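Since the structure comes first, as structure tokens, the remarks are kept for the end.
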Amino acid sequence: MKARLATVLAIVLLISLNLIPSNAAVKSGLACTKVGSTAIAAGYKYTCIKLGKKIVWKKGVKLPAPKPAPNVATPSSSGVTPTHTPTPTPTPTPTPTSAQTVVKTISRSEVASHNKESDCWTYVDSKVYDLTSWLPQHPGGAAIMLSMCGGDGAAAFRDHHKTEQDNALVTYYIGDLR
């Protein structure tokens, strides 16, 4: 009877150890299970990447702190509910009409001069992008993107991304290729 109880307890212990959430062990360099999956831990977003023959969590990217919800009153220790004071709305800056919009045009030779990790420009479909600030955050690592620096990045971009990800490039747009 004692042997049977010990066996049951051992099985329960083994099962309980396997029920630990997988994101409990999210840390840069630790093993993960599916390339491309993401996890959030301690205010950082981690992405699972293939590094050589291993599948590991990539260095986390700090997430912005959530903004408090407006008009939320919390009871104070005095029992009086504080009132919310609205923040003044700034006067909007007028947006130029299409006739006023000036698009910077950039030559291929100018793009070619920005061909290193500390200064990386590329063009995709005749649009020029400054990817310098994105390189250290790229889930696949900066090295994979260096071939795009200073030239046509369309083939490399299309090989690894779907067209839905073109919207992500908008943030880095600096002009049109002439």
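Only lysines eight or more places from LYS34 in sequence, or on another chain, were considered; those with a Cα closer than 18 Å are LYS45, LYS50, LYS53, LYS54, LYS58, LYS59. Could you tell me the center-to-center distance, by alpha carbons, between region 32-52 and region 102-119 in angstrom? The distance from the Cα centre of region 32-52 to that of region 102-119 comes to 32 Å. Between SER28 and ALA168, the distance separating the two model label sites (each 7 Å from Cα on the Cα→Cβ line) works out to 1.9 nm.
Readers should treat all values here as calculations from the given coordinates under stated rules, not as data from a laboratory. Note that the coordinates shown come from a computational prediction; the quantities given were computed from them, not determined experimentally. Note: ideal-geometry Cβ built from the backbone for every residue, glycine included; neighbour counts use all protein chains shown.
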